[in-house]
Amino acid sequence: MSSEIAPPQQAPTTVNRRTFLSASIGAGLLACGSSTDPSPAEKPASVTLSDVLARDALGQAELVRSGAVQPIELVEAVIARIEELNPKLNAIVTPMYDLAREAAKGDVPEGPFQGVPFLLKDIGASYAGVRQTAGSKALAQNISQFDSELVVRQKRAGLITVAKTSTPAFGLTATTEPHLFGATHNPWDLERTTGGSSGGSSAAVAARIVPMAHASDGGGSIRIPAGCCGLFGLKPTRARNTLAPRTGDILNGLVCEHAVTLTVRDSAALLDATSGPHPGDPYFAPPKERPFLDETRTEPGPLRIAFSPGPPIDTPVHEDCVKAVESTAKLLEELGHKVEEAAPELDMEQYRQVFMVLWLSGFARTVESIAAATSSAPNPDLYEPLNWQLYQQGTTIKAWEYLNAVSYFQALSRRFAAFFERYDIWLTPTAAEPPPKLGVLHPGPEVSSPDATRITQRVFQFVPFTQFANTTGQPAMSMPLHWNDAGLPVGVHFMGRFGDEATLFRLAAQLEKARPWIGRRPAVAAG
């Protein structure tokens, strides 16, 4: 859900959406598996722009610092990739080309990602002077009035934001199909979902438009699209990244922000650059012992890992997802970890009901906040029919029910903490099935009276695992360690102890080395 609501204003004059979306597809699309990406650590004898763009974000920044490439060259190349691929993907919704060019030609901060092009999700972190729609008609002309502290830190790290990426309206569902902009298409199969709500960012990174992009997560919205698109996606510990300057927490701490990335080390280095409290935060994550990037260079040692391809989940899990977990469990054993089937005890029906109390009441507050900011009553014409139903349900939730939900999840966190005294990691599928086709998880604009209960149940069937990390505040990650026979990525999900991203990064780096994915490319990708 949006962390900042501002009164609607005129959209920036730099955006010409009609011209942008009518750009033709050029040459350079690569077939799946045809990549010859160099290792992030390698440096070719003669560096070309293609060499640079094939690297991860840290690798690109290294060549910027060496003088082998200029930031403006990278920005122009990314703009060209967007105009080439976005008509197929529909991942980018607000270009920021003039701002990016100005930043690239100026004094780019000498941070870890100096001069590297970046994308910002169209919800959550705000960028001053740029529209932030949250994928909804209600905010279609909303202009952010300030930079979120996360954006301030991204800029300080040297990142140059080139555009904003699509999200489902208000980030409410697990597929990126907003009526305002239309569906985002998965570059591995254009008929399938990218997942949500960070689907635009994930499609763009998977298609190699940029090496990493901003993402946020209130129930799996970093990890679900990472799993659908074959990327690394880490949800940090609650409050690891601040929501300053205007927001303390969202949905009692369910929502956090970070990124989807091509490599583990990029995720770690970005979290190093952006994490830490800000004055006025209601609480913050335990301090890290050393840089997360250092953790990726450290062996994890033998870990105690619980895995469960199904229970406590009461939803059928697709055989591809079961196979992904079992294959990963076998790999972990080969790497010297102690692996056994186990899971926390949980009443899933009660869990889902309580989760929806938080989710629906939070969305009702968002709608009422928009109405207050525009000095008008909530208007159903400004909302997708499904979301209007969810808003109406949210208005019926009583204060004691909300507080009861908060208490329930605090008690749940205690039970999970006890489980993680016995295990270092809990391994599950990221989703219960491979990426479904578009239109399965969210009704299109032609459906005027959707069945909200049925649709919500269908979304829970697709993603029954990821919400646990949000309700307990624990860090978790999706890793692209398996592809099915249809060539679709099937993510596997790892949850760690509260405050312990370090163990996740150490394990992730070990698995990335053992089963590398950087050479896999989707059917639609820049090259």
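The values are calculated or read from the model by the stated rules, or taken from the named source; none is laboratory data. These numbers were taken from a predicted model, which means no experiment stands behind them. Here the Cβ positions follow ideal geometry from the backbone for every residue, glycine too, while neighbour counts run over all protein chains shown.
So how many residues does segment 389-404 have that are hydrophobic (A, V, I, L, M, F, W, C) and without any contact (Cβ under 8 Å) to a residue 40 or more places away in the chain?
The number of residues fulfilling the criteria is 3.
With the condition kept exactly as written, say whether any residue in segment 121-137 is under 20 Å from A431 (Cβ atoms), touching a His at 6+ places or on another chain (Cβ under 6 Å) and either in contact (Cβ under 8 Å) with a residue 12 or more places away in the chain or in a loop (DSSP other than H, G, I, E, B) (or both).
Taking segment 121-137 first, the residues under 20 Å from A431 (Cβ atoms) are 121.
Then keep just the ones that are touching a His at 6+ places or on another chain (Cβ under 6 Å); that gives 121.
Cutting the leftovers down to either in contact (Cβ under 8 Å) with a residue 12 or more places away in the chain or in a loop (DSSP other than H, G, I, E, B) (or both) gives us 121.
Yes, there is a match, as at least one residue in segment 121-137 is under 20 Å from A431 (Cβ atoms), touching a His at 6+ places or on another chain (Cβ under 6 Å) and either in contact (Cβ under 8 Å) with a residue 12 or more places away in the chain or in a loop (DSSP other than H, G, I, E, B) (or both).
State whether one or more residues within segment 98-116 are β-branched (V, I, T), more than 23 Å from S216 (Cα to Cα) and modelled with pLDDT of 95 or more.
Yes; the residues of segment 98-116 include at least one that is β-branched (V, I, T), more than 23 Å from S216 (Cα to Cα) and modelled with pLDDT of 95 or more.
Criterion first (outside any helix (DSSP H, G or I) and out of contact with any Ser or Thr (no Cβ under 9 Å at 6 or more places or on another chain)) does T328 satisfy it?
Spelling it out, it is not the case that T328 is outside any helix (DSSP H, G or I) and out of contact with any Ser or Thr (no Cβ under 9 Å at 6 or more places or on another chain).
If only one of G182, G135 is at pLDDT 95 or above, within 30 Å of F355 (Cα to Cα), of a type outside the set (D, E, K, R) and buried (at least 24 other Cβ atoms within 10 Å of the Cβ), which one is it?
Details: G182 fails: buried (at least 24 other Cβ atoms within 10 Å of the Cβ).
Result: G135 is the single residue among G182, G135 that is at pLDDT 95 or above, within 30 Å of F355 (Cα to Cα), of a type outside the set (D, E, K, R) and buried (at least 24 other Cβ atoms within 10 Å of the Cβ).
Among G171, G135, G59, G124, which is the only one that is more than 18 Å from the chain's Cα centre (by Cα) and not aliphatic (A, V, I, L, M)?
Of the residues listed, the single one that is more than 18 Å from the chain's Cα centre (by Cα) and not aliphatic (A, V, I, L, M) is G59.
Name the one entry in P87, P112 that is surrounded by fewer than 23 Cβ atoms within 10 Å (Cβ to Cβ) and touching an Asp or Glu at 6+ places or on another chain (Cβ under 9 Å). I'd like the intermediate steps shown before the answer.
Numbers: P87 fails: touching an Asp or Glu at 6+ places or on another chain (Cβ under 9 Å).
None of the other options fit; the residue is P112.
List pairs: first residue in segment 323-337 and farther than 20 Å from E433 by Cα, second residue of a type outside the set (A, V, I, L, M, F, W, C) and surrounded by fewer than 17 Cβ atoms within 10 Å (Cβ to Cβ) anywhere in the structure, Cβ distance under 7 angstrom, at least six positions apart or on different chains.
Here the result reads L331/R515; G336/P302; H337/P302, each pair linking segment 323-337 to a residue that is of a type outside the set (A, V, I, L, M, F, W, C) and surrounded by fewer than 17 Cβ atoms within 10 Å (Cβ to Cβ).
Just to be sure, is K155 touching a residue at least 40 places away in the same chain (Cβ under 8 Å), out of contact with any strand residue (DSSP E or B) (no Cβ under 6 Å at 6 or more places or on another chain), of a type in the set (K, R) and more than 22 Å from V367 (Cα to Cα)?
Considered against the rule, which asks whether it is touching a residue at least 40 places away in the same chain (Cβ under 8 Å), out of contact with any strand residue (DSSP E or B) (no Cβ under 6 Å at 6 or more places or on another chain), of a type in the set (K, R) and more than 22 Å from V367 (Cα to Cα), K155 comes out as yes.
Filter segment 300-322 down to residues that are closer than 21 Å to E433 by Cβ and β-branched (V, I, T) and give me whichever is modelled with the lowest pLDDT.
My answer is I313.
Confirm whether F462 is buried (at least 21 other Cβ atoms within 10 Å of the Cβ), farther than 22 Å from V264 by Cβ and modelled with pLDDT of 95 or more.
Yes, satisfied.
Among the listed residues L386, L358, L412, which satisfies the condition of being under 19 Å from S308 (Cα atoms) and touching a residue at least 40 places away in the same chain (Cβ under 8 Å)?
L412
From the list R208, R223, R246, R238, pick out the single residue that is under 29 Å from Q60 (Cα atoms) and either of a type in the set (F, W, Y) or over 14 Å from the mean Cα position of the chain (by Cα) (or both).
On the way: R223 fails: either of a type in the set (F, W, Y) or over 14 Å from the mean Cα position of the chain (by Cα) (or both); R246 fails: under 29 Å from Q60 (Cα atoms); R238 fails: under 29 Å from Q60 (Cα atoms).
Answer to the check: R208.
Name every residue in segment 257-276 that is free of Cβ contacts under 8 Å to residues at least 60 places away in the same chain and either under 13 Å from G124 (Cα atoms) or surrounded by 21 or more Cβ atoms within 10 Å (Cβ to Cβ) (or both), in order of residue number.
H258, A259, S275
Taking only segment 415-445 into account, find how many residues are among the hydrophobic types (A, V, I, L, M, F, W, C) and farther than 16 Å from C228 by Cβ.
8
Which condition breaks for A372 when tested against (1) assigned to a helix (DSSP H, G or I); (2) modelled with pLDDT under 95?
(2)
Take the residues in segment 60-69 that are part of a helix (DSSP H, G or I) and in contact with a helix residue (DSSP H, G or I) (Cβ under 8 Å, 6 or more places away or on another chain); name whichever of them is surrounded by the most Cβ atoms within 10 Å (Cβ to Cβ).
Here is the first cut: in segment 60-69, the residues part of a helix (DSSP H, G or I) are 60-66.
From what is left, the residues that are in contact with a helix residue (DSSP H, G or I) (Cβ under 8 Å, 6 or more places away or on another chain) are 60, 63-64.
Values: Q60: 27, L63: 21, V64: 22.
For segment 60-69, the residue satisfying everything is Q60.
Exactly one condition in (1) surrounded by 24 or more Cβ atoms within 10 Å (Cβ to Cβ); (2) outside any loop (DSSP other than H, G, I, E, B) is false for R153; which is it?
(1)
If I go through segment 375-388 residue by residue, how many of them are surrounded by fewer than 20 Cβ atoms within 10 Å (Cβ to Cβ) and not in a loop (DSSP other than H, G, I, E, B)?
Result for segment 375-388: 5.
Return the only residue of E384, E345 being on the phi < 0 side of the Ramachandran plot and at pLDDT below 95.
Just one listed residue meets the conditions, E345.
Suppose we filter F170, F181 for residues that are in a helix (DSSP H, G or I) and closer than 21 Å to L382 by Cα; which single one remains?
Answer to the selection: F170.
If we scan segment 82-92, do we find a residue that is of a type in the set (V, I, T), in a helix (DSSP H, G or I), at pLDDT 95 or above and out of contact with any strand residue (DSSP E or B) (no Cβ under 7 Å at 6 or more places or on another chain)?
Among the residues of segment 82-92, not one is of a type in the set (V, I, T), in a helix (DSSP H, G or I), at pLDDT 95 or above and out of contact with any strand residue (DSSP E or B) (no Cβ under 7 Å at 6 or more places or on another chain), which makes the answer no.
Please enumerate the residues belonging to segment 157-173 that are touching a helix residue (DSSP H, G or I) at 6+ places or on another chain (Cβ under 7 Å) and either over 19 Å from S197 (Cβ atoms) or among the aliphatic types (A, V, I, L, M) (or both).
Hits for segment 157-173 are A157, G158, I160, V162, A163, A169, L172.
Could you tell me whether any residue of segment 430-441 is at pLDDT 95 or above, assigned to a helix (DSSP H, G or I), out of contact with any helix residue (DSSP H, G or I) (no Cβ under 7 Å at 6 or more places or on another chain) and not charged (D, E, K, R)?
Within segment 430-441, not a single residue is at pLDDT 95 or above, assigned to a helix (DSSP H, G or I), out of contact with any helix residue (DSSP H, G or I) (no Cβ under 7 Å at 6 or more places or on another chain) and not charged (D, E, K, R).
Looking at the structure I just gave you, is A364 assigned to a helix (DSSP H, G or I), within 21 Å of G135 (Cβ to Cβ) and among the aliphatic types (A, V, I, L, M)?
Numbers: assigned to a helix (DSSP H, G or I): yes; within 21 Å of G135 (Cβ to Cβ): yes; among the aliphatic types (A, V, I, L, M): yes.
Judged against the criteria, A364 is a match.
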